[in-house]
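The values are calculated or read from the model by the stated rules, or taken from the named source; none is laboratory data. Everything numeric in this text was worked out from a predicted model, so none of it was measured. Ideal geometry is used to build each Cβ from the backbone, glycine not excepted, and the neighbour counts take in all protein chains shown. Heavy atoms of the whole protein, side chains included, go into the accessibility calculation; ligands, DNA and RNA do not. Shrake-Rupley method; radii C 1.70, N 1.55, O 1.52, S 1.80 Å.
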Amino acid sequence: MPDGRQALLIAATEAFAAQGFDGADLRSVAAAAGVAPNLIRVHFGNKAALWEACLDRIVVLAMPVMAEVQAIAADTERSLGDRLRDLIVRVATFYAAHPQLRNFVVRHGAETPERSTRVTEKLLRPAYESARELFQAGIAAGIIRSSHPALFFALLNAALNQPPTFPMLLGRFAPEIDPETAWAQLLDTTIATLLHLPSAQIEAEHASRDRNKPAI
């Protein structure tokens, strides 16, 4: 298959995200990718190199989002509240579009020190740095109530990093929440909870969200 390498990366990312490094079975990865098992050795050499290639693919996918976040942060012609809200929306949209990438990072960011360090240095630290100054400005303005931008970064990612089954789990104890709108309501709640905006700006934010609500 001309695209066998890409198919393996997609299947391996999902396997590593769901089962961890030790639990992921290479034959099962190859079967999910629809290729012969020996193609893993041909393209990557071994399991560790395949994992590293999966991380590199995630970094490539995340780089445009980090560039967008930096552009949002640098757009000083817009209000600080508007920029913080747009940053949260952009991150939430990326997570919704790539749940397997999110799960890969969450799992391997806390696994062995070696893999955790690789995830931190290649992805988490650059993602944090792309938003750090904007978060710091939000703290200084009283919009973000945190003692350090890294704490807000961690809290924001925890709020948005819900499992794919989140709507179903939520519906079990709150059936009045429509599963079709659960993700959008989570985003609205995250923004309302984490950003402390003046009353007039909150009303403007609500009107803007109603006009431009993302499909996540």
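General remarks:
- Scanning the range 175-195 for residues that are under 19 Å from N157 (Cβ atoms) and either of a type in the set (A, V, I, L, M) or open to solvent by less than 20 Å² (accessible area, probe 1.4 Å) (or both) yields a total of 9.
- Here A30 meets each of (1) out of contact with any His (no Cβ under 9 Å at 6 or more places or on another chain); (2) farther than 18 Å from R102 by Cα; (3) open to solvent by 10 Å² or more (accessible area, probe 1.4 Å) with one exception, condition (3).
- Matching residues, the range 157-176, being free of Cβ contacts under 8 Å to residues at least 60 places away in the same chain, touching a helix residue (DSSP H, G or I) at 6+ places or on another chain (Cβ under 6 Å) and hydrophobic (A, V, I, L, M, F, W, C): A159, L170
- In the range 118-156, residue nearest to F94 (Cα to Cα) [restricted to those that are open to solvent by 30 Å² or more (accessible area, probe 1.4 Å) and touching a residue at least 40 places away in the same chain (Cβ under 8 Å)]: P126
- Any pair with Cβ under 6 angstrom, 6 or more apart, that starts in the range 30-45 at a residue that is of a type in the set (V, I, T) and ends at one that is loosely packed, with under 13 Cβ neighbours inside 10 Å and outside any helix (DSSP H, G or I): V35/M1
- Qualifying residues in the range 98-117 (those that are in a helix (DSSP H, G or I) and free of Cβ contacts under 8 Å to residues at least 24 places away in the same chain) - the one nearest to the chain's Cα centre (by Cα): S116
- Applying the condition of being crowded, with 17+ Cβ neighbours inside 10 Å and of a type in the set (V, I, T) to the range 43-92 and asking which residue is farthest from G4 (Cα to Cα) yields I72.
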